[in-house]
Protein chains: 4
Amino acid sequence: MSRVLKVGILGATGTVGQRFILLLSQHPGFTIHALGASPRSAGKTYVKATKWKMSQAIPAEAREMVVQTCEPQYFNECDVVFSGLDADVAGDIGKCLCFILRADEMAFLKADLALFSNAKNYRTHADVPLIVPMANPSHFSLLNHQRSNYKLSKGFLVTNANCSTTGMVIPLKALQDAFGPLSKIMVTTMQAVSGAGYPGVSSLDIMDNVVPHIGGEESKMEWETLKILGGLNQDATEFDLLKTTKVSATCNRVPVIDGHTECVSIEFERRPAPSVEEVIKVMENYRTEAQELGCYSAPEQAIIVSRDEDRPQPRLDRENGKGYSVTVGRVRECNVFDIKFTLLVHNTVLGAAGSGVLLAELAQKKGLIV
Amino acid sequence: MSRVLKVGILGATGTVGQRFILLLSQHPGFTIHALGASPRSAGKTYVKATKWKMSQAIPAEAREMVVQTCEPQYFNECDVVFSGLDADVAGDIGKCLCFILRADEMAFLKADLALFSNAKNYRTHADVPLIVPMANPSHFSLLNHQRSNYKLSKGFLVTNANCSTTGMVIPLKALQDAFGPLSKIMVTTMQAVSGAGYPGVSSLDIMDNVVPHIGGEESKMEWETLKILGGLNQDATEFDLLKTTKVSATCNRVPVIDGHTECVSIEFERRPAPSVEEVIKVMENYRTEAQELGCYSAPEQAIIVSRDEDRPQPRLDRENGKGYSVTVGRVRECNVFDIKFTLLVHNTVLGAAGSGVLLAELAQKKGLIV
Amino acid sequence: MSRVLKVGILGATGTVGQRFILLLSQHPGFTIHALGASPRSAGKTYVKATKWKMSQAIPAEAREMVVQTCEPQYFNECDVVFSGLDADVAGDIGKCLCFILRADEMAFLKADLALFSNAKNYRTHADVPLIVPMANPSHFSLLNHQRSNYKLSKGFLVTNANCSTTGMVIPLKALQDAFGPLSKIMVTTMQAVSGAGYPGVSSLDIMDNVVPHIGGEESKMEWETLKILGGLNQDATEFDLLKTTKVSATCNRVPVIDGHTECVSIEFERRPAPSVEEVIKVMENYRTEAQELGCYSAPEQAIIVSRDEDRPQPRLDRENGKGYSVTVGRVRECNVFDIKFTLLVHNTVLGAAGSGVLLAELAQKKGLIV
Amino acid sequence: MSRVLKVGILGATGTVGQRFILLLSQHPGFTIHALGASPRSAGKTYVKATKWKMSQAIPAEAREMVVQTCEPQYFNECDVVFSGLDADVAGDIGKCLCFILRADEMAFLKADLALFSNAKNYRTHADVPLIVPMANPSHFSLLNHQRSNYKLSKGFLVTNANCSTTGMVIPLKALQDAFGPLSKIMVTTMQAVSGAGYPGVSSLDIMDNVVPHIGGEESKMEWETLKILGGLNQDATEFDLLKTTKVSATCNRVPVIDGHTECVSIEFERRPAPSVEEVIKVMENYRTEAQELGCYSAPEQAIIVSRDEDRPQPRLDRENGKGYSVTVGRVRECNVFDIKFTLLVHNTVLGAAGSGVLLAELAQKKGLIV
């Protein structure tokens, strides 16, 4: 058995931070050691500092922990630091993020800590892996280069992807592995309000309504997909972004609490394209390093394929695999491309905090956490 | 001034029928003369027979009218008959429809009545025009052929399109007129619950949820578009369906009361493709016969283009043009095709009852109602 | 015909301010002359300064008006000033309010303007009438005293009540007029999110949820009722609050956009208590000065009584009387008190902006606006 | 350890039946042995017969069980039979219920089975206990009389209460035990849609809406409370209904999926009335036979009292005690009575299926199941 890791959580009072606390409080391999939030929260107990919005109660071990500011000095004893901060989130959490991001470029790297970040800010950085744990764990191998570049002995920075990207690239990676490159990807999302944090989306904006725009989301989906589904050069010092795949995303907010639904149409380079049944089989049989290395949070099936004509549905399927599985349904032929299907991802579990947790489990299994 | 027409409404107690009654009660050119519904409703006053679900009260003139069964004999004095029946609607309205559809093939044609039908059943028929009033009113010219074929002197049967198709083909027709044929159309819809009638969608199915499937809807959108955007042969005796346009539709139900939102991506045959600004201008300047002939219900603008990044929204835009305009927003370049945009159509006004009313106004202006 | 009055609106960009603009833009007796909002909005056109959230579009006359700060100097030409500010509203609108309220105590009274305020701050003031236009318009008579006290020639300050109080006191006043004093009033409300302004209630707080608390609301309902249903002393210089009536209120927020529903149980002093039918008749026949003086916005019926067992409902009844009627249903005997019933009030029309408009109409009819 | 009991579930495909299956599939003391539903479902596997609407997946052991009709012969081997049928549920489940209820009066009693029924039909019967397991388990003692009356050796019929009644009587019983009789109880409920079964409440009736009426619910709450909080005669052959307590209930449906919220005001006979703090303490310290006998499903605390001003909330508190606790908040003085508070009960766990399970656990502990 591997040793229990001490973990810190940045942005612990936000929506993603709350999910981190829930996931980690039930986790045998991690123990919550430090909580960071905005200066306004610092010095308070967690129960006082947070407006808890999860349907399960605040875990007992977190209630009375004292919240710190997001400065490295408070996280020195942590084996792993998770950042639940999201650059899109409004208000003082956002301000806190700015602080961190200014801080971490120097302070954090000097502190030599292992940071898993959910924030968008470093995803596009040439030295920072953008990893969806059940899609491209091979990108961990760039960390050698990162460490030598930044003169780190045990620290590193890994980012996870945007929640919507995360859900989509898992089945796409399965298909790319089996059938070769995709030439075209068109996706329209229907995203849950929890993705915008708290208070986030006003009830007056979303009740009896759809908001056909989420700031920055479409370009994230379009760009992140190319990095995640792309490869590394031979020395594992550079990312090779996909060059022949075109991605077009349209992102909408709908009145759903948790769970992003995504309607995807794809075209393969390969001719003839695989059949519906071949696509389903590949998805159902898809196994990743997370399963093979026996990561604690890895779901039995990375992708659950439903053959019911009206699934996946957020309310009924978001807890599949404890929120760590992607549920795919309606796999069928597309009149314009080859195949279309609908997928569902739990946006704050697999799409955010859960990816961080799974990345940390993978990193530990791979011997990256010392 | 043209004379005031007596109108009958079939399926008067359903969701679409209620909308017909609202629209017609405020209409200077029509007077409600007869109401038809299922045998269970027949013989009751309208107020007793219907479970009224509109946010405006039942119009006074309809309250005490006695509901009839949907048999031609009760509609003999009507200049126009609107059918608000929908084949998808469950329960005894559905049964009533079956009855009518059995009945009308003979009885109704013999009765020589002018019927505008919202039901899907005859849309695909080779002798029946499928007309979206602000897209393909030229298809009225097939009625000569229909009348001679069925030996009708004043009667005819015209169908309007599915609610989602209706919203989409109006901007597409504007673009096709201006820039020539479209080669590819990809659409993902987020449809309101009122489209399923009453009781329709269970609250347990749609609260905090998305249902990624609406029975038969996708194939309707894919096929109807080809008939509506297609032409007629020279004698106006046959429809020429589009042959080079591919359409792929994905239809979802979302927790919205009224108003279908549709995310559309298109590719033109023409190279280079028109720019975003050219597309916007064509949509804004689009005028149809309905405007030119001065139809009472025709909105000032068939298409309203919003340049706000987060519009259209069902709650804020569905009443545009009193529910008769299509609102388009987010016109922008598509990474995969040429242009993408999001549109909103009021599914029970322009998408159903309102199309019937506008068709009848057009038919009268064109001298088809005698 | 009385002359058209120039009106100013304070808090014009908020939820209540938007409702004022809608109501006034369609009003033959008023013309919008000046708009005030927070310093952040000042200097911008209204369309740029506001996040419009109404389902009807911004009225043309307001779109390009330039918003001012809420200082009297910008409202000097106004015959009437409406304040749509609400002290509960968060953020910089709230700050703006603080500013006004500091300002107006001196500056505004010196400016000698006629102000109708929706804010709670002066409702409890001994020299300020708290008037629900269809309940206690007789309280206007205290304005003589107010004017002499504050050395005003044409200005005055009148407040309208809290939205929930407004809905309740109208039927209670009708019953009190007919049957004498009430000894006990117990009310439980289910209030719409629009009552909290914008952004107001977070979607994460109210979707699939009820929030059983609205800050300060219960004490407002309990206290305001005693002032409104009370009288004046003989000189009309002091309010006589009810002393023998006990009121207990419980206020909840529910996932409804507009329209507060209130379940009321009452006990009369009189024995035997009136019957259900007597109560219904009194409510149906209730006419107020607003009707008798022919106020433009006064609904035909102040109280609409439904005998359907499942009404009133917010979505179906909030527009009754264009939002100016109270709809009452389920009038029946109470096992504990005498009578119970459920009422619905449109919280931003009759419950806020509409009360202001109706108060101004009454004041004009009564010769108070010079 | 007591032996594992074989259980049957009537109405297994309905909303309450689905909840029974979830609760029982995870229960160490019961094993699901037989499933009954309408003739239309009979002969199908459970996965085919049911429209599963729970957010957790169908338990593996139930998926392939073959559903039977609700006839005693199929349940002969069951130690316990739970009836999840609800007389209010529409459609063919309702028809199935009629069948059972006709059937059971003779057939079922002859079959000598132990039946725990959630249906309303026998709650008022003079020989049938109406038991809320954490309120009046003492009423089990009437079963001797029932058995001798109906010549049963091991069978019996026990009913649980209406979901709203269940939530309310638990804190009321705690207070009555501590402070003596209540003279007046006034309650207004805001009930979840799952209480109406599936399809149940139409989305068009409840989105952006409140329905101020639930058929039969108010009289159930008013009457059942008197039986549950009442006693038995000395021989345990008759129920003594409360005679001096008056109960008035108003029941509303709100857009919430699970969890009924209830606003309660009470007056004690005792003078002076207990203080807010005394009331809170009694509720917090309330322990019942279910806790004392160590029933598996009994929550640690029957009543959880929150001191946060905005709790309980359905989305955040319905899972408290795994759905078996009542959460109480806002305990405060009432201007009209003595004390008011708001409570939340999970309507399909503690309010329906969970009460059945807990009753069976109690019955086994008491030696009633042989």
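Laid out as a table, the results:
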| item | result |
| --- | --- |
| Residue pairs meeting the criteria (Cβ under 8 Å; at least 6 apart or on separate chains; first not assigned by TED's automatic domain parsing to the domain that holds D:Ile21, in region D:34-58; second of a type in the set (Ser, Thr, Tyr) and at pLDDT below 95) | none |
| Within region C:250-272, tally of residues that are hydrophobic (A, V, I, L, M, F, W, C), under 18 Å from the mean Cα position of the chain (by Cα) and not in a loop (DSSP other than H, G, I, E, B) | 1 |
| Residue among D:Tyr150, D:Tyr122 that is out of contact with any helix residue (DSSP H, G or I) (no Cβ under 6 Å at 6 or more places or on another chain) and among the aromatic types (Phe, Trp, Tyr) | D:Tyr122 |
| Pair list, Cβ < 6 Å and 6+ apart or interchain, from region D:187-205 residues that are facing another protein chain (nearest Cβ under 7 Å) and in a loop (DSSP other than H, G, I, E, B) to residues that are surrounded by fewer than 24 Cβ atoms within 10 Å (Cβ to Cβ) and modelled with pLDDT under 95 | D:Tyr198/D:Lys53 |
| Top-ranked residue in region D:7-28 [being more than 15 Å from D:Gln68 (Cα to Cα) and among the hydroxyl-bearing types (Ser, Thr, Tyr); ranked as modelled with the highest pLDDT] | D:Ser25 |
| Hits in region C:299-316 (condition: closer than 20 Å to C:Val276 by Cβ and among the charged types (D, E, K, R)) | C:Arg307, C:Asp308, C:Glu309, C:Asp310, C:Arg311 |
| Boolean, A:Asp310 is touching a strand residue (DSSP E or B) at 6+ places or on another chain (Cβ under 8 Å), within 11 Å of chain B (Cβ to nearest Cβ) and more than 20 Å from B:Glu217 (Cβ to Cβ) | no |
| Positions within region D:36-51 being surrounded by fewer than 19 Cβ atoms within 10 Å (Cβ to Cβ) and within 14 Å of another protein chain (Cβ to nearest Cβ), in sequence order | D:Val47, D:Lys48, D:Lys51 |
| Matching residues, region C:134-150, being more than 22 Å from C:Asp258 (Cβ to Cβ) and in contact (Cβ under 8 Å) with a residue 24 or more places away in the chain | C:Asn136, C:Pro137, C:Ser138, C:His139, C:Phe140, C:Ser141, C:Leu142, C:Leu143, C:Asn144, C:His145, C:Tyr150 |
| Residues satisfying the stated conditions in region B:245-268, i.e. aliphatic (A, V, I, L, M), over 24 Å from B:Val16 (Cβ atoms) and at the interface with chain A (Cβ under 8 Å from one of its Cβ atoms) | B:Val247 |
| Test for A:Val328: is it out of contact with any Lys or Arg (no Cβ under 8 Å at 6 or more places or on another chain) and either of a type outside the set (A, V, I, L, M, F, W, C) or within 22 Å of A:Arg253 (Cα to Cα) (or both) | yes |
| Check on D:Tyr286, more than 26 Å from C:Ile257 (Cα to Cα), surrounded by fewer than 20 Cβ atoms within 10 Å (Cβ to Cβ) and aromatic (Phe, Trp, Tyr) | no |
| Check on D:Val279, assigned by TED's automatic domain parsing to the domain that holds D:Arg318 and not in a strand (DSSP E or B) | yes |
| Residues within region C:241-251 that are surrounded by 24 or more Cβ atoms within 10 Å (Cβ to Cβ) and not β-branched (Val, Ile, Thr), tallied | 2 |
| Residues of region A:206-229 classified as out of contact with any strand residue (DSSP E or B) (no Cβ under 7 Å at 6 or more places or on another chain), part of a helix (DSSP H, G or I) and away from chain B (no Cβ under 14 Å), total | 0 |
| Subset of region A:313-330 (residues that are within 12 Å of chain B (Cβ to nearest Cβ) and closer than 20 Å to A:Leu182 by Cβ) | A:Val328, A:Gly329, A:Arg330 |
| Selected residue [farther than 28 Å from C:Asn252 by Cα and within 14 Å of another protein chain (Cβ to nearest Cβ)] from D:Leu232, D:Leu242 | D:Leu242 |
| Qualifying residue in region A:99-120 (condition: at pLDDT below 50, assigned by TED's automatic domain parsing to the domain that holds A:Phe140, under 24 Å from A:Gly197 (Cα atoms) and part of a loop (DSSP other than H, G, I, E, B)) | no |
| D:Gly321 vs. criteria touching a residue at least 12 places away in the same chain (Cβ under 8 Å), surrounded by 21 or more Cβ atoms within 10 Å (Cβ to Cβ) and small (Gly, Ala, Ser) | yes |
| Hits in region D:314-345 (condition: over 19 Å from D:Asn136 (Cα atoms), in a loop (DSSP other than H, G, I, E, B) and not polar (S, T, N, Q)) | D:Arg318, D:Glu319, D:Cys334, D:Val336, D:Phe337, D:Asp338 |
| Of all residues in region D:1-24 being part of a loop (DSSP other than H, G, I, E, B) and of a type in the set (Gly, Ala, Ser), the one that is farthest from D:Ala60 (Cα to Cα) | D:Ser2 |
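The values are calculated or read from the model by the stated rules, or taken from the named source; none is laboratory data. Computed from a prediction, not measured in an experiment: that's the story for all the values here. In this analysis, Cβ positions are derived from the backbone assuming ideal geometry, glycine residues included, and neighbour counts consider all displayed protein chains.
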